[in-house]
Amino acid sequence: MKIVHVVGAHPNFMNVAPVIRALARRVGITQVLVHTGQHYDANMSDIFFQQLGLPESDINLGVGSGSHAQQTAQIIARFEPVVLEYKPDLALVYGDVNSTVAAALVCAKLGVRVGHVEAGLRSGDRTIPEEINRLVTDQISDLLFTHSADGNANLLREGVAEGKIHLVGNVMIDTLVRLLPAAEAQWHMGPWATWEGRPYMLVTLHRPSNVGEPLMLGRVLETVAEISRRLPVIFPAHPRTRECFDVETCKARHPAVHLTEPLGYLEFSGLQRHATVVVNDSGGIQEETTYLGVPCLTVRENTERPVTVSSGTNVLVGQDMARLQAEVDRVLNGQARRGQIPPLWDGYAGERIASVLAGIS
Ligand code: UD1
């Protein structure tokens, strides 16, 4: 069986690694890794490949940045000849980024079976581009790998046949389980070692709804700066975020806000593990903090990962900055919510996916 994996943006790299590893242990499977090039900076892509032990991609489509339509269209146009040349039996797509939906469309139209890893996640908010990517990808996929029971329920409600859905657990957590020891080692040797035992708030924000609106970005930065007076802040900023404000001025004005470039996986995981609280607007970070038992505040009105709120450590604060402050105070007063790790978030999701695929080949 020939399987093509398609990845493009950095959360995909953490998703694909355990699946490639699990499939490599099976006989009779050839794997081809396609990187669309959606993320192309060394610190958004290469460092993840190295730290996750991913093989170099067999093909890089080099699409780069652009509007959603441009980026999606470029991936479609450049990926179709690859599928025609390699003639895979199955394509695996990951998560909810533009690369995911574009690759799924190409394969579905060419009659190549599509497996979607991280299927069934729904926020119910169609103003978020990723929600459109999720809806479309799931409708045209043949195998839907979910990481929690709510994903199965969402898919069934949308008319997906039950036989296509496989609850396998969370591949993002597979990667975390495997690499936590390396992240710990890096923490002790790296520049953050002096933070051992010191409380701090880890911040990461990149959604257009937070950083693309100058008014909202201003309110968030003001609030973060205010919090930094009682709890130091470490803030690795995504390239999109750095484009939206004057990093040097912020550094000069707010010495307790430690702004850095985007960090590698190991460095960031170490920082998450030791943080007092994590503030984010991401997807995977809501899951990783739940696994690590670290309080997580999410600057979004909704989440496609509700299990992190119902069982985990995640609290949705929306765009309400007073709420963000109040929740930070709750954490500092020892009133943080204690969560539980959802079932099957155990390090073996990649193995379960490989078992399902072995059964269909
Ligand atoms: C993408 C995903 C998002 C995911 C995020 C993780 C979509 C719709 N969004 O958002 O779900 O949470 O990745 O990081 O697919 N840029 C660089 N260097 C890079 C990549 C991007 O400078 O290597 C800059 C460019 O200015 C670009 C902007 O970041 O225009 C946005 O990049 P893009 O891939 O379009 O979306 P992300 O915000 O990264």
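The values are calculated or read from the model by the stated rules, or taken from the named source; none is laboratory data. Given the structure is predicted, the values throughout are model-derived calculations rather than measurements. Quick reminder, even Gly has a Cβ in these numbers, built from the backbone with ideal geometry, and neighbours come from all protein chains shown. Ligands, DNA and RNA are stripped out before the accessible areas are found, and what is left, the full protein with its side chains, is counted by its heavy atoms. Shrake-Rupley method; radii C 1.70, N 1.55, O 1.52, S 1.80 Å.
Counting only DSSP beta bridges whose two residues both lie in the chain, roughly 0 percent are antiparallel. Near residue 164, once Lys and Arg are set to +1 and Asp and Glu to -1 for all other residues with Cβ below 12 Å from its Cβ, the sum equals -3. Which of these, 15, 98, 43, has the largest mean-square fluctuation under a Gaussian network model of the chain (Cα springs below 10 Å)? Answer for the Gaussian network model of the chain: 43. Considering only GluC sites (Glu not before Pro) in DSSP loops that have at most 10 other Cβ atoms within 10 Å, the longest stretch of the chain without any of them is 197-361.
Of the lysine pairs in the chain, how many meet both conditions: Cα atoms under 28 Å apart, and a spacing of 8 or more in sequence or different chains? Taking the chain as the scope, the lysine pair count is 6. For the stretch 204-219 versus the stretch 39-103, the spacing of their alpha-carbon centroids is 26 Å. For the options 316, 61, 176, a Gaussian network treatment of the chain with springs between C-alpha atoms closer than 10 Å singles out 61 as fluctuating the most.
Among 348, 86, 200, the residue with the largest mean-square fluctuation in a Gaussian network model of the chain, with springs joining Cα atoms closer than 10 Å, is 86. Hey, could you get me the Stokes-Einstein D for the chain, Kirkwood radius over alpha-carbon pairs, 10 °C and 1.306 mPa s, rounded to whole µm² s⁻¹? Rounded, D is 76 µm²/s. Evaluated on the stretch 176-332, the Kirkwood hydrodynamic radius is 15.7 Å, with distances taken between all distinct Cα atoms. Extent along the principal axes, Cα only, for the stretch 150-209: 53, 32, 17 Å, with the longest axis given first. From Cα pairs below 8 angstrom and at least 6 apart in sequence, can you work out the relative contact order of the stretch 1-95, rounded to a whole percent? In percent, rounded to a whole number, it is 41. In the chain, taking the dipole from charged Cβ atoms about the Cα centre, the farthest positive-side position among 241, 303, 147 is held by 147.
Considering only protein heavy atoms and a probe of 1.4 Å, how much of the accessible area of the chain is carbon and sulfur, as a whole percent?
Here it works out to 52 percent.
Take every Cα pair under 8 Å whose residues are at least 6 apart in sequence, average their separation, divide by the length of the stretch 176-332, and the relative contact order is 24 percent. Taken about its Cα centre, the chain carries a charge dipole of about 380 debye when Lys and Arg each add +1 at the Cβ and Asp and Glu each add -1 at the Cβ. Surface analysis of the chain yields an accessible area of 40 Å² per residue, using protein heavy atoms and a 1.4 Å probe. Using the Cβ of residue 295 as centre and a radius below 10 Å, the other residues enclosed give a net charge of +2, where K and R count +1 and D and E count -1. What the Kirkwood sum gives for the stretch 2-109 is a hydrodynamic radius of 13.8 Å, with every pair of different alpha carbons counted. The calculated FRET efficiency for the pair residue 32 and residue 132, based on their C-beta separation and a Förster distance of 22 Å, comes to about 0.25.
Each semi-axis of the equivalent ellipsoid for the stretch 36-192 is √(5λ) with λ an eigenvalue of the Cα gyration tensor; in descending order they amount to 27, 22, 15 Å.
In this structure residue 68 has an accessible area near 90 Å², from a 1.4 Å probe over the protein heavy atoms. Here the stretch 176-332 is assigned +1 on the Cβ of each Lys and Arg and -1 on the Cβ of each Asp and Glu. Its dipole about the Cα centre then comes out at about 180 debye.
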